[in-house]
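I'd like to ask some things about the structure below.
Only the coordinates and a few stated rules stand behind these numbers; no lab work does. The model shown is predicted, which means the values in this text are computed figures rather than measured ones. Ideal geometry is used to build each Cβ from the backbone, glycine not excepted, and the neighbour counts take in all protein chains shown.
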Amino acid sequence: MPEPLAARARLFPALVAVYRAQLSRARVARIPLLFVATFQSIGIMILMRGVVDGGSEARSVVAGSSVLVVAFVALNLLAQYFGQLRASGGLDHYATLPVPPSAVVLGAAAAYASFTVPGTAVTAVMGSVLFQLPMTNLWILLAVIPLSGAALAGLGAALGLLAPRQELATLCGQLGMSAALLLGVLPAARMPQVVSYARDLLPSTYGVEALARSFDGQPDWWVVCADLGVCAGVAVVSLAAATWAYRRAAVR
């Protein structure tokens with residue numbers, strides 16, 4: 001009689017194992033890119049300082065530049081990672097492990113999102129100093145980073161897994177990061193109406209809005225919570241789509 005197969009691992013222990021493995025891998029391979037993402041966002045704020053003096057536009061620039069670090073890593077790099085993993089046959093390795101597909105996607109997304117914490121925090125502090133914004137409510141980053149990171153990481157993973165070629169996955173990641181740059185950093189009041197509709201469809205928009213509102217003297221916390229709630233809902237949908245894309249790619 002053949003030996004019975006090992007029982008499938010439970011979701012949470014498998015997620016933690018994948019998270020630790022991905023975090024250690026990203027720590028070695030992605031630190032230079034994290035510096036690039038941080039310096040890019042700080043450079044954008046310095047350039048915008050010559051155009052924007054203060055007020056709501058300055059808050060939008062700082063918030064958008066901070067979340068751009070998350071988009072660079074969680075969306076762009078994760079799309080490239082899963083595209084490369086699919087092209088090289090690396091998905092076969094995960095398919096042989098007794099772990100749920102959701103644990104692979106959630107673990108990788110959580111690792112890449114948490115990897116952005118230092119760069120996002122540094123960008124937000126530098127932007128607050130540059131535009132003379134209050135830093136009292138920067139603790140809101142504890143909610144903005146994981147929620148925006150989850151939404152963007154799910155989108156990045158789905159793009160990387162659904163792209164038929166590795167080059168297309170890289171292109172989709174770059175286009176997504178460019179959209180986060182143009183639609184998140186530029187003040188919404190200066191955008192055409194048609195472009196503002198596209199901005200509303202971008203997952204990171206609501207994290208940007210929540211962070212920008214926290215720079216007000218007396219933030220409307222109900223609106224901030226509503227923005228974060230929308231961001232959380234988008235994160236659930238994008239991670240579910242990424243899990244479906246992983247199952248679809250793993251069986252091919």
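About the Cα centre of the chain, how large is the charge dipole given +1 on each Lys and Arg Cβ and -1 on each Asp and Glu Cβ? Please answer in debye to the nearest 20.
In total the dipole reaches around 680 debye.
I'd like the projected area of the chain, averaged over all directions, using the convex hull of its alpha carbons. Report it in nm² with one decimal.
Hull-based average projected area comes out at 14.3 nm².
Moving on to the next point. What does the charge count around Ala189 come to, taking other residues whose C-beta lies under 15 Å from its C-beta (Lys +1, Arg +1, Asp -1, Glu -1)?
0
Still on this structure, please answer the following. Mind giving me the nanometre distance, one decimal, between the label points for Phe35 and Val129, set 7 Å out from Cα along Cα→Cβ?
Result for the modelled spin labels: 1.8 nm.
Just to be sure I understand: if I project the alpha-carbon convex hull of the range 192-252 onto a plane and average over all orientations, what area do I get in nm²?
Averaged projected hull area, Cα only: 5.6 nm².
What whole-number volume per residue, in cubic angstrom, does the convex hull of the C-alpha atoms of the range 32-141 give?
108
At a Förster radius of 30 Å, what calculated FRET efficiency corresponds to the Cβ-Cβ distance of Leu182 and Ala17, to the nearest 0.05?
Efficiency for this residue pair is about 0.20.
Right, another one. May I ask you to compute the full-extension gain from Ser88 to Leu171, defined as 0.36 nm times their residue separation minus their alpha-carbon distance, rounded to one decimal in nm?
Answer, rounded to one decimal: 28.1 nm.
Taking Cα centroids, how far is the range 158-175 from the range 178-235 in Å?
25
On a 0 to 90° scale, report how tilted helix 166-185 is relative to the longest principal axis of the chain, with both axes built from alpha carbons and the result rounded to the nearest 10.
So the helix axis and the longest Cα principal axis differ by about 20 degrees.
For Cα pairs less than 8 Å apart in space and 6+ apart in sequence, what is the mean separation divided by the residue count of the chain, i.e. the relative contact order in percent?
29
How many nm separate the modelled label positions at Leu142 and Asp220, each set 7 Å beyond the Cα in the direction of the Cβ?
Placing both labels 7 Å beyond Cα along the Cβ direction yields 2.5 nm.
Quick one: if you stick a label point 7 Å off each Cα along the C-beta vector at Ser56 and Ser196, how many nm between them?
0.9
Just add up the charged neighbours of Gly107: K/R +1, D/E -1, any other residue whose Cβ is under 12 Å from the Cβ of Gly107.
+2
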